[in-house]
1. Can you pull out the residues in the stretch 336-355 that are loosely packed, with under 13 Cβ neighbours inside 10 Å and part of a loop (DSSP other than H, G, I, E, B)?
2. Look through Met252, Met302 and report the one residue that is out of contact with any Asp or Glu (no Cβ under 8 Å at 6 or more places or on another chain), assigned to a helix (DSSP H, G or I) and open to solvent by 10 Å² or more (accessible area, probe 1.4 Å).
3. Within the stretch 255-269, track down each residue that is β-branched (Val, Ile, Thr) and open to solvent by 50 Å² or more (accessible area, probe 1.4 Å).
4. Answer yes if at least one residue in the stretch 321-330 is touching a His at 6+ places or on another chain (Cβ under 6 Å) and either under 25 Å from Glu190 (Cβ atoms) or of a type in the set (Asp, Glu) (or both), and no otherwise.
5. Within the stretch 91-110, can you find the residues that are without any contact (Cβ under 8 Å) to a residue 12 or more places away in the chain, over 20 Å from Asn76 (Cα atoms) and not polar (S, T, N, Q)?
6. Count, please, the residues in the stretch 172-186 that happen to be at pLDDT 95 or above and of a type in the set (Lys, Arg).
7. Considering each of Lys204, Lys195, Lys244 in turn, give the residue that is within 30 Å of Lys319 (Cβ to Cβ) and at pLDDT 85 or above.
8. Scanning the stretch 305-319 for residues that are over 39 Å from the mean Cα position of the chain (by Cα) and without any contact (Cβ under 8 Å) to a residue 40 or more places away in the chain, which turns out surrounded by the fewest Cβ atoms within 10 Å (Cβ to Cβ)?
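The values are calculated or read from the model by the stated rules, or taken from the named source; none is laboratory data. None of the values given here were measured: they were computed from a predicted structure. Glycine also receives a Cβ, built like all others from the backbone with ideal geometry; neighbour counts cover every protein chain displayed. All accessible areas refer to the heavy atoms of the entire protein, side chains included, with ligands and DNA or RNA removed. Shrake-Rupley method; radii C 1.70, N 1.55, O 1.52, S 1.80 Å.
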Amino acid sequence: MIPANEKATIMLVDDTPANLKLLEQLLKKEGCRVMQFPNGRTALGALARKQPDLILLDIMMPEMDGFEVCARLKENEATRDIPVIFISALADTEHKIRAFTEGGVDYVTKPFQEEEILARVKTHLSLRQMQQELRKHNLYLEELVREKVREISESQLSTIHAVSKLAEYRDDETGRHIERTRLFCRMLAEVLAEKSRYSGSINKTFIENIYHAAPLHDIGKVGIPDSILLKPGKLDTEEFEIIKTHTTIGAMTLQQVRNKYPQNAFVNMGIALTRSHHEKWDGSGYPDGLSGEDIPLSARIMAVADVYDALRSERPYKKAFSHEKSCGIIREGNGSHFDPDIVAAFNSIHLELAQVREQIKGHDIMSPSE
């Protein structure tokens with residue numbers, strides 16, 4: 001019997017009625033369903049309604065020969081995987097080679113033996129059945145892997161977010177700073193993505209990564225003593241040098257993660273923006289004195305988002321600045337503190353940024369490092 005979980009459906013395409021009748025009787029005896037057509041054009045039309053498990057295809061037919069029929073099958077994504085066995089009186093090597101080149105899986109020469117036809121049909125139906133089962137299994141495994149990756153990613157992001165908030169709570173903040181700056185970073189990145197010069201560097205993955213990595217920018221503050229971090233006033237020179245180390249502390253902490261996952265783009269971005277978000281376009285920032293495009297793009301975006309939110313927030317020694325005054329300070333830093341492209345992006349959406357900040361309010365007491 002033909003090996004299949006259900007009755008196999010086989011399409012016969014041949015312009016000789018006697019051949020169609022013989023093959024139909026043979027295959028029905030084996031429990032197969034049979035679709036038969038006297039030419040390639042009607043066979044192709046029928047495939048739009050129902051697809052067989054296997055096609056037995058003659059070569060020499062009027063209007064459209066078997067080679068053309070097979071070529072059209074393989075051009076169509078819906079039918080390209082249906083196995084085709086050519087059955088033909090053409091016994092020369094050239095035609096056999098062309099049959100396989102066009103996508104056939106086998107070739108039977110007329111006149112054929114019934115046992116040979118059945119053996120080849122059974123073989124290719126078994127192969128197709130195994131391929132379909134393998135495809136289903138692979139799809140199941142792919143979905144299972146995707147689900148597990150989602151679970152791991154969500155748990156990792158939740159953990160990172162919680163640790164980031166821990167650093168902020170030590171800084172006597174409400175945690176709103178994290179929520180606002182991550183949104184600011186995403187909004188700025190989306191504007192930059194529309195510029196042709198950033199088409200190769202900012203894509204959906206970059207935007208997603210910066211949104212999730214932005215909360216890490218001040219994670220190094222967990223290593224700063226409370227006497228400095230929570231000091232109610234401006235820091236002296238020595239204290240400021242100590243608080244500046246939050247950038248390297250945070251980056252070194254994340255470096256331990258990168259040692260295990262060196263190709264993880266999210267972790268690499270987290271390190272870049274954590275270490276370099278206090279660098280300045282003119283090279284006067286810290287900790288490495290980087291300038292211009294030597295500063296990672298994610299850190300340059302983070303710098304504008306971070307400073308804008310800091311300006312809008314209350315400090316122990318100053319009131320929160322208005323949106324207008326904060327925008328003025330950002331623009332004054334164009335080309336010195338900040339990347340001009342990112343300032344331009346900021347200018348184009350500053351009202352939207354102000355609206356986000358209004359929606360995510362909090363009585364934020366920012367640390368002296370901001």
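1. Within the stretch 336-355, just Ser336 meets the criteria.
2. Values: Met302 fails: open to solvent by 10 Å² or more (accessible area, probe 1.4 Å).
The unique qualifying residue is Met252.
3. Hit for the stretch 255-269 is Val257, nothing else.
4. Step one: of the stretch 321-330, the residues touching a His at 6+ places or on another chain (Cβ under 6 Å) are 327.
Then keep just the ones that are either under 25 Å from Glu190 (Cβ atoms) or of a type in the set (Asp, Glu) (or both); that gives 327.
Yes, the stretch 321-330 contains at least one residue that is touching a His at 6+ places or on another chain (Cβ under 6 Å) and either under 25 Å from Glu190 (Cβ atoms) or of a type in the set (Asp, Glu) (or both).
5. Answer for the stretch 91-110, where residues must be without any contact (Cβ under 8 Å) to a residue 12 or more places away in the chain, over 20 Å from Asn76 (Cα atoms) and not polar (S, T, N, Q): Asp92, Glu94, Lys96, Ile97.
6. Adding up the residues that qualify gives 1.
7. Exactly one of Lys204, Lys195, Lys244 is within 30 Å of Lys319 (Cβ to Cβ) and at pLDDT 85 or above, namely Lys244.
8. Ranking the qualifying residues of the stretch 305-319, first place goes to Lys319.
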